[in-house]
Amino acid sequence: MKHLDTDGIIFDVDGTLWDTTPVVETAWNDAMDECGLSYAHVTAHQLKGLFGLPMEVIIDRILPKENDEVKSRFQPLCYNNEHDYLLRTPGKLYDKVGETLSELSKKHKLFIVSNCQEGYIELFLEKTGFGPYISDHLCPGDTGKHKAENIQLICQRNNLKNAFYVGDTHMDQEACEKAGVPFIFASYGFGKTKKTPDETIRSFSDLLEIF
């Protein structure tokens with residue numbers, strides 16, 4: 001592996017740091033039941049193919065037959081259920097995430113940018129205890145902007161000149177291209193890449209060899 005110099009490492013959450021899909025499957029399906037949409041139940045496997053997309057796009061994908069009024073009723077239920085269920089049953093961290101973040105944070109500033117709702121990153125940090133490792137974070141729920149713009153905002157407000165982004169999908173890679181930030185592909189996660197990434201890790205702890 002290459003040895004890279006950086007002034008900041010930015011992380012995706014789902015599929016990179018932890019996997020919440022079994023919990024979110026239950027939370028979203030219960031929200032669909034509450035809206036009378038039982039026909040549209042989703043599975044954890046399906047969610048792995050959707051996570052990383054903006055939330056409004058995910059809802060369009062899982063409720064293609066429904067009008068905007070139904071989707072607008074479903075979205076807050078979806079958010080609330082997901083938050084409440086993950087408070088009770090957190091996602092499963094990938095191997096050695098905590099130890100690796102602890103070591104990386106001794107020499108590097110660490111950040112999170114994810115396409116999620118407001119409060120989700122805070123919940124992740126609360127349930128994992130990783131708050132002391134993370135210098136700053138952003139999501140569309142905070143800014144109304146998507147991943148590429150939020151990566152740029154994190155870089156601007158933290159004066160990052162040589163940041164890297166770690167994610168697990170081709171959407172992450174495309175966001176990095178738009179933001180002008182090199183992409184490290186977490187191949188153990190949910191997705192695949194369409195182009196050769198700047199670097200690939202097969203386990204999260206591989207980052208200790210790169211940085």
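You will find that of Leu93, Leu110, Leu53, the residue that is modelled with pLDDT under 95 and among the aliphatic types (A, V, I, L, M) is Leu53 and no other. Criterion applied to Val57, Val70, Val23 was being out of contact with any Lys or Arg (no Cβ under 9 Å at 6 or more places or on another chain) and over 21 Å from His146 (Cβ atoms), and the one residue passing it is Val70.
Does Leu87 qualify as being part of a helix (DSSP H, G or I), among the hydrophobic types (A, V, I, L, M, F, W, C) and open to solvent by 50 Å² or more (accessible area, probe 1.4 Å)? Considered against the rule, which asks whether it is part of a helix (DSSP H, G or I), among the hydrophobic types (A, V, I, L, M, F, W, C) and open to solvent by 50 Å² or more (accessible area, probe 1.4 Å), Leu87 comes out as yes. Select the strands (runs of 3 or more DSSP E) contained entirely in the stretch 93-211, then report the ones holding at least 1 residues which are open to solvent by 50 Å² or more (accessible area, probe 1.4 Å). Passing ranges, in order: 134-138. All conditions in (1) modelled with pLDDT under 95; (2) farther than 25 Å from Tyr188 by Cα; (3) open to solvent by 40 Å² or more (accessible area, probe 1.4 Å); (4) not small (Gly, Ala, Ser) hold for Cys78, with the sole exception of (3).
For the stretch 21-76, the helices (runs of 4 or more DSSP H) that sit wholly inside it and include 3 or more residues that are touching a residue at least 40 places away in the same chain (Cβ under 8 Å) are 21-34.
The values are calculated or read from the model by the stated rules, or taken from the named source; none is laboratory data. As the structure is a computational prediction, the values presented were derived from the model and not from experiment. In this analysis, Cβ positions are derived from the backbone assuming ideal geometry, glycine residues included, and neighbour counts consider all displayed protein chains. Heads up: the accessible areas ignore ligands, DNA and RNA and are worked out on the full protein's heavy atoms, side chains in. Shrake-Rupley method; radii C 1.70, N 1.55, O 1.52, S 1.80 Å.
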